[in-house]
Amino acid sequence: MNEIRRLLKCANPECQLHGVACNPTLGEVLPYKGFSLAVWKWIAEEAKLYNQNARQIHDRAQEQFGLSISENTIRNYVDEIDVLLGNEIDEKTRRLLLVQGVIVLALDGQKPDANGKALWIFVDLVSNRVLKVAILESADSGTLHELVEAILQRYRVKMVGMVSDKQNNLTKLHDDWYPAVHHQYCQYHFLQNLWNHVEVKDCGLHQQLAKSIKHLYITSASKDAKVQVEGRGQLPVREVFKKVEGELRRLVKTRNKKFECLRGVEAYEGVRAYVDQMVATLALSDGQQQGVALLNATTADLHDLLVETRGVYEECKELDVHFQEIRHWLGKDCPSKGAKLSRGDHLFQKLWQSVKGAGGATKRADLRTFLPHKDTPLAKVEQEFVRLYDSYRPGLFAYFDFPAPVKTNSAIEQGIGQEKGRLRHRNSKANVGIQVRIRGEFELKQVYAGKDEVRAIIKRMGPQYSQADLKTGLQQLAARRNHETGEWRTDKLQNGLPEILQFLSAYWTKEEAGLGR
């Protein structure tokens, strides 16, 4: 924050300011502000490029520059910065789309908490720009259609494609209003729906392994339990077998890696390899010693556990093989939609033939969806794989008809995650549902624009920005804030009253009916 200030002296010897250095005006000032443009830009960089909150900016300004500026003033400046950045980003989006002429629309909703409305984001996946952010009480297909039409008219573009996660309201939006537009079903969500069934069954396997190992004698014995160790006498069981316990606990302390690694399967294979090592080692030891006998008993318990869970392990392995084959098929480059579908049809027909008739299902059209559960029979899960393919098939490869090969809208979810992370840091708290509705629009636009664009906008900003646009943006921001916080005081004053009145109302009704005596 470097400023050059020119101090002038009056040349008139008779003037009372003659010989007194003064600063008649700053080189760059902001209208109606107490601080210069340099301060405003510095705050913008700290907040938007380095994600500093008001307290951090206040402390840094005081420490580095000796600048006394309140946290509230900083927050007000950041509000202005958000509005101005949003306007500049929208203007660049308008210019890009004017040349581009067409869009591939992706839209998704974000429900930041259980109490308020949802934030809906509309994105063009060709230019990767935010087109609109709306706060909606209800996102039925008619409401979404009105918003989409407003976007098309505002930017004067044609929608040639649509990408969604196949929510009912989004498929209805497409089918009712834009049936001629190619509709791509998000491939990530397709894989996610398959993976959920594999993951839940695998979690059941992992829980059983972890629970059994936790309750082994050597891992659950009391501190007073002793074991006879030759040459050393009676020693605590937990101390003697500390390393074995640590290794067993490490083996089940695994994590899933989405679409790649199953922790139950990994834990099972790790325990199995460790048991094999224990058997080989103990075969060379004196089985009459109490400590060795205890290890032999532990090995036997683990062997029984592996036998008991082998069936679930093999089911998880089989499901993972199917999943990885499907994932590889989706990810492999192919010259045409027809070739992709032909390979998929063959893959799932083969799977269907292996499970046809299980549970009485003889026709693919008769298959019905169900929630993932660890005890679901293997054949039923494989039938669900087939049903999901049949459901997603019409839109899995619509991207072949797009101007850009967009297969998924998962970038929206990533953007929403970044938005919430920024707001959590900005407000120093985890629950930011209200802030998402108030300021989420600005954060999402900045996330999609990227730091380089935000930095360039801040760098070229001068005092000649549009006061009218700024005022309009701040009024909209204030309206959202008032809507979110306007009922706080009323809610606190009425805390508990609705329940009491409901109880009394029921009591009075009984009294009138002669039932309250």
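The values are calculated or read from the model by the stated rules, or taken from the named source; none is laboratory data. Note that the structure is a prediction, hence the values are computed from the model and not measured. Glycine also receives a Cβ, built like all others from the backbone with ideal geometry; neighbour counts cover every protein chain displayed.
Any chance the stretch 433-456 includes a residue that's surrounded by fewer than 20 Cβ atoms within 10 Å (Cβ to Cβ) and touching a strand residue (DSSP E or B) at 6+ places or on another chain (Cβ under 7 Å)?
No, the stretch 433-456 contains no residue that is surrounded by fewer than 20 Cβ atoms within 10 Å (Cβ to Cβ) and touching a strand residue (DSSP E or B) at 6+ places or on another chain (Cβ under 7 Å).
Test of understanding: among 274, 268, 313, which residue is among the hydroxyl-bearing types (Ser, Thr, Tyr) and touching an Asp or Glu at 6+ places or on another chain (Cβ under 7 Å)?
Numbers: 268 fails: touching an Asp or Glu at 6+ places or on another chain (Cβ under 7 Å); 313 fails: touching an Asp or Glu at 6+ places or on another chain (Cβ under 7 Å).
Answer to the selection: 274.
Residues being among the β-branched types (Val, Ile, Thr), in contact with a strand residue (DSSP E or B) (Cβ under 7 Å, 6 or more places away or on another chain) and buried (at least 18 other Cβ atoms within 10 Å of the Cβ): count how many of those fall in the stretch 186-231. Steps first, answer last, please.
Taking the stretch 186-231 first, the residues among the β-branched types (Val, Ile, Thr) are 198, 200, 213, 218-219, 227, 229.
Then keep just the ones that are in contact with a strand residue (DSSP E or B) (Cβ under 7 Å, 6 or more places away or on another chain); that gives 227, 229.
Subsequent filtering for residues that are buried (at least 18 other Cβ atoms within 10 Å of the Cβ) retains 227.
Within the stretch 186-231, residues that are among the β-branched types (Val, Ile, Thr), in contact with a strand residue (DSSP E or B) (Cβ under 7 Å, 6 or more places away or on another chain) and buried (at least 18 other Cβ atoms within 10 Å of the Cβ) number 1.
Which residue out of 217, 155, 178 is of a type in the set (Phe, Trp, Tyr), assigned by TED's automatic domain parsing to the domain that holds residue 294 and either touching a residue at least 40 places away in the same chain (Cβ under 8 Å) or touching a His at 6+ places or on another chain (Cβ under 9 Å) (or both)? Even if it seems obvious, please write down each step before you answer.
Working: 155 fails: assigned by TED's automatic domain parsing to the domain that holds residue 294; 178 fails: assigned by TED's automatic domain parsing to the domain that holds residue 294.
Residue meeting the stated conditions: 217.
Assess whether residue 104 counts as being at pLDDT 95 or above, surrounded by fewer than 16 Cβ atoms within 10 Å (Cβ to Cβ) and in the same structural domain as residue 143 (by TED's automatic domain parsing).
Details: at pLDDT 95 or above: yes; surrounded by fewer than 16 Cβ atoms within 10 Å (Cβ to Cβ): no; in the same structural domain as residue 143 (by TED's automatic domain parsing): yes.
No: the conditions fail for residue 104.
Looking at the stretch 368-390 only, could you name the residues that are without any contact (Cβ under 8 Å) to a residue 60 or more places away in the chain and among the polar types (S, T, N, Q)?
Of everything in the stretch 368-390, those that are without any contact (Cβ under 8 Å) to a residue 60 or more places away in the chain and among the polar types (S, T, N, Q) turn out to be 369, 383.
Can you find even one residue in the stretch 292-307 that is farther than 30 Å from residue 248 by Cα and among the small types (Gly, Ala, Ser)?
Of all residues in the stretch 292-307, those farther than 30 Å from residue 248 by Cα come to none.
No, because not a single residue in the stretch 292-307 is farther than 30 Å from residue 248 by Cα and among the small types (Gly, Ala, Ser).
Looking at residue 203 and the list (1) in contact (Cβ under 8 Å) with a residue 24 or more places away in the chain; (2) closer than 30 Å to residue 159 by Cα, which single condition is not satisfied?
All conditions pass for residue 203, except number (2).
Got a sec? Which of 88, 63 is assigned to a helix (DSSP H, G or I) and loosely packed, with under 14 Cβ neighbours inside 10 Å? Please lay out each step first, then the result.
Working: 88 fails: loosely packed, with under 14 Cβ neighbours inside 10 Å.
After applying the criteria, what remains is 63.
Residues checked against (1) within 26 Å of the chain's Cα centre (by Cα); (2) surrounded by 14 or more Cβ atoms within 10 Å (Cβ to Cβ); (3) under 26 Å from residue 270 (Cβ atoms):
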residue	(1), (2), (3)
324	yes, no, yes
331	yes, no, no
342	no, no, no
348	no, yes, no
360	no, no, no
368	no, no, no
388	yes, yes, no
392	yes, yes, no
407	yes, yes, no
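Pairs, please: C-beta under 7 Å, at least 6 apart or cross-chain, first residue under 25 Å from residue 473 (Cβ atoms) and in the stretch 54-80, second of a type outside the set (Gly, Ala, Ser) and not in a helix (DSSP H, G or I)?
That search, which allows pairs on different chains as well, returns 58/69; 61/67; 61/69; 69/35.
Report, by residue number, each residue of the stretch 301-331 that is more than 29 Å from residue 395 (Cα to Cα) and either at pLDDT below 95 or basic (Lys, Arg) (or both). Full working, then the answer.
Filtering the stretch 301-331 for residues more than 29 Å from residue 395 (Cα to Cα) gives 301-315.
310 - this is the single residue of the stretch 301-331 that is more than 29 Å from residue 395 (Cα to Cα) and either at pLDDT below 95 or basic (Lys, Arg) (or both).
Report whether or not residue 98 is buried (at least 19 other Cβ atoms within 10 Å of the Cβ) and touching a helix residue (DSSP H, G or I) at 6+ places or on another chain (Cβ under 8 Å).
Details: buried (at least 19 other Cβ atoms within 10 Å of the Cβ): no; touching a helix residue (DSSP H, G or I) at 6+ places or on another chain (Cβ under 8 Å): yes.
So residue 98 fails the test.
State yes or no: is residue 436 in the same structural domain as residue 114 (by TED's automatic domain parsing) and within 30 Å of residue 187 (Cβ to Cβ)? Break it down stepwise before answering.
Details: in the same structural domain as residue 114 (by TED's automatic domain parsing): yes; within 30 Å of residue 187 (Cβ to Cβ): yes.
Criteria met by residue 436.
Given the conditions (1) free of Cβ contacts under 8 Å to residues at least 12 places away in the same chain; (2) more than 30 Å from residue 326 (Cβ to Cβ); (3) in a helix (DSSP H, G or I), which single one is not true for residue 273?
Status for residue 273: all satisfied but (2).
Exactly one of (1) among the small types (Gly, Ala, Ser); (2) in the same structural domain as residue 485 (by TED's automatic domain parsing); (3) more than 27 Å from the chain's Cα centre (by Cα) is unmet by residue 379. Its number?
Looking at each condition in turn, residue 379 falls short on (2).
Checking the condition at pLDDT 90 or above and not assigned by TED's automatic domain parsing to the domain that holds residue 450, which residue from 53, 23 passes? Break it down stepwise before answering.
Details: 23 fails: at pLDDT 90 or above.
None of the other options fit; the residue is 53.
Specify which of the listed residues (298, 309, 281) is of a type in the set (Ser, Thr, Tyr), over 45 Å from the mean Cα position of the chain (by Cα) and either outside the structural domain of residue 262 (by TED's automatic domain parsing) or assigned to a helix (DSSP H, G or I) (or both).
Working: 298 fails: over 45 Å from the mean Cα position of the chain (by Cα); 309 fails: over 45 Å from the mean Cα position of the chain (by Cα).
Answer to the selection: 281.
Here's a check for you: in the stretch 251-268, which residue that is free of Cβ contacts under 8 Å to residues at least 40 places away in the same chain and assigned to a helix (DSSP H, G or I) is surrounded by the most Cβ atoms within 10 Å (Cβ to Cβ)?
So, considering only residues that are free of Cβ contacts under 8 Å to residues at least 40 places away in the same chain and assigned to a helix (DSSP H, G or I), the one surrounded by the most Cβ atoms within 10 Å (Cβ to Cβ) is 251.
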